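Shown next, in structure tokens, is the structure this report addresses.
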Amino acid sequence: MSRTTIIPIGPQHPAFLEPLNVSLELKEERVVGATLNLGYNHRGMEHALSLDYKKSQYLVERVCGICSNHHSAAYCQTVEAIYGVEVPERARIIRTITMECQRITSHLLALGHIAEVVGYENLFMQCFRERELVMRLVNEITGNRVHYSTNVIGGVKRDIDAAMERRIEDVMSDLRPRLEELHAIFSRDSTFVKRTKGIGKLTREQAIDWCVVGPVARASGVAQDVREDGFAAYDRVRLRPVVREEGDCYARTMVRMDECLRSVDLIEECLPLLKEGSVVLSVKGHPSGEGISRVEAPRGELMYYVKAIGKLQLDRVKIRTPAFVNVPAVQAMLPGARLADVPVITVSLDPCICCTDR
Amino acid sequence: MSEGNGGKPHQDIRGMAYQMRASGARLITIVGVDRGDGTIELIYLFDRNGDVEDRRFVVEAEEEVDSISDIYAGATNMERENMDLLGMRFKGLEPGLLLVPGKSVKAPLRKRSEEGT
Amino acid sequence: MSMLTSSFRNLFRRPFTTSYPKGGADLPDTNRGRVLWDMSRCIFCRRCERSCPTIAIITDKEAKTQTIIRNRCIACNTCVEVCPTQTISMVPEYSAPDTAPTVHVFSVDLPAHQYRVEHLPRGEGRPPS
């Protein structure tokens, strides 16, 4: 038997939330080659973002629905760097808190998604139940569940008052045992472990070759986390990046699960840091110059490049989203895998096609 | 961010990529900026132990540029993205990652004389 | 702990979900649902119209009306912040779904926060291409 079969998976597939096409070359049940096709969701965001730098702070959130706050934080950081202004400390801490809240919601979505693909609907519902707590908390903090619209150039729009601080504390102490319960299920449940352990391996060398970032890189033993740069208020808290060596679907899932618990720690650590002060700084004039800024989005390093020319329009906005480098790495993971494991491997990368195509 | 080397000839791209790969740097992305005079500035951004380093090259828009996709596998899509959005050419790569060639707008991020964006 | 014990415990817990149309959506007071105008204060300075990122607001100085295209509004709070006379406010409730694009018209002859509902033909209300 030397003939191979080509099987397309996607752009519409029950396992994928978004349009993504993987063209698989199969030899009996084994994958021997995979090609990724993107672009089903391309909206020309980079062009649209350069039309008006002030209105773009709302449009950047619409690049992606699950890391919207990270997008606007990265964009505002870049424009602030061009202006050369330092954001008030209170605003930076509030940004950190909302970013970590969004990391929990995003990771719980990814965990629920992989549980669903493995065939574990019950666990999926459990993940989304805990996620709802954070979604409601964020709605109270910022005024919206998905697109917070809270970051503006120069700070944040809405302050956190003392009552809200207590509310965040309460939700976090309520959330911690729930996340620990989820952690126990994910790490020990035999159904889940059997479907993910040793599946879709990405070695350390491959991880560097494919330039992967975030939980995917950290699960393959590459200890890189942009939060160590100390943007926002990350220089004030104790970061302990989660790094695992196995590089399989199980490792990627467990990195996300551990990071959820670390995020709860970080939010609790941030709250006492809040000192009186203003939360927004007004900037004058149009920006001029070039700026690069990075934040650690839930899926990994998110980079913005902005070139401003002293006008309302921007010369160039370039977004390097984490999914843009993580998703193509399936081409390195799929060869050798069984056909039934393909959805699990793809979903373990937490693919966000909205981000990838922009 | 370092100031870079202000636009070396593009024949050095592969040598630079080899050097960066050997030093353990991670490629962040390749930014293409249309300078408005028929040339495109290619900014290769690297992460070396948490610091962003940039290497800049200026190429003619219609020129065929050396691909570094065999040095960094992840660079393939970054280069193909620049091919689609800026209408560049990279050696040995096909366009059509994000846009369908022939059906979509050609090179939407290229500056046109009538509009300033 | 395994999923089995967790599932059994869930059996004896109260349901987490709410019966939404009957029970309310559980929105906090700070939720940004939709924008309302108090037209007695409006000075027609057009600041909200100019600052709206999605071009959802149309200010008509002659007819003394403020029109908002609901489908375009992203509830970003910008108009509330730029308003010099605190005419605009946000309420937590979302506007009701409809079969055609909805337009809310606020005019001076209506009481504060009251509006007239109009509809655009289907396919209208999209941003200009």
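The values are calculated or read from the model by the stated rules, or taken from the named source; none is laboratory data. Since this is a predicted model, take the numbers as computed values, not measurements. Heads up, the Cβs are rebuilt from the backbone with ideal geometry, glycines too, and the neighbour counts pull from every protein chain shown.
Things worth noting here:
- A:A323, sole failed condition from (1) touching a residue at least 12 places away in the same chain (Cβ under 8 Å); (2) assigned to a helix (DSSP H, G or I); (3) away from chain B (no Cβ under 12 Å): (3)
Residues are listed down the side, and each one gets a yes or a no for (1) free of Cβ contacts under 8 Å to residues at least 40 places away in the same chain; (2) farther than 30 Å from A:I309 by Cα; (3) within 14 Å of chain C (Cβ to nearest Cβ):
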site	(1), (2), (3)
A:I9	no, yes, no
A:H13	no, yes, no
A:E29	no, yes, no
A:L49	no, no, yes
A:K54	no, no, yes
A:A81	no, no, no
A:C101	no, yes, no
A:G112	yes, yes, yes
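- Among the residues making up region C:53-66, those that are in contact (Cβ under 8 Å) with a residue 40 or more places away in the chain and within 18 Å of C:G33 (Cβ to Cβ) are C:T54, C:Q66.
- Against the numbered list (1) of a type in the set (A, V, I, L, M); (2) surrounded by fewer than 23 Cβ atoms within 10 Å (Cβ to Cβ); (3) over 19 Å from A:A74 (Cβ atoms), A:V280 comes up short only at (3).
- Among the residues making up region A:8-29, those that are closer than 22 Å to A:V347 by Cβ and exposed (fewer than 14 other Cβ atoms within 10 Å of the Cβ) are A:P8, A:Q12, A:P14, A:E29.
- Selection of region A:181-205 for residues being part of a helix (DSSP H, G or I), over 21 Å from the mean Cα position of the chain (by Cα) and either more than 30 Å from B:G24 (Cβ to Cβ) or modelled with pLDDT of 90 or more (or both) yields A:E181, A:A184, A:I185, A:S187, A:R188, A:S190, A:T191, A:F192, A:V193, A:K194, A:R195.
- Listed by first and then second residue, the pairs linking a residue in region A:273-292 that is under 25 Å from A:R158 (Cβ atoms) to a residue that is of a type in the set (D, E, K, R), with Cβ atoms under 6 Å apart and 6 or more places separating them unless they lie on different chains, are A:L273/A:R236; A:G277/A:R90; A:V279/A:R90; A:V279/A:D159.
- Residues satisfying the stated conditions in region A:185-219, i.e. farther than 22 Å from A:L108 by Cβ and within 13 Å of chain B (Cβ to nearest Cβ): A:L202, A:T203, A:R204, A:E205, A:Q206, A:A207, A:I208, A:D209, A:W210, A:C211
- Any chance B:V65 is within 12 Å of the chain's Cα centre (by Cα) and β-branched (V, I, T): yes
- So A:I97, is it in contact (Cβ under 8 Å) with a residue 24 or more places away in the chain, outside any loop (DSSP other than H, G, I, E, B), more than 14 Å from every other protein chain (Cβ to nearest Cβ) and more than 26 Å from A:C270 (Cα to Cα): no
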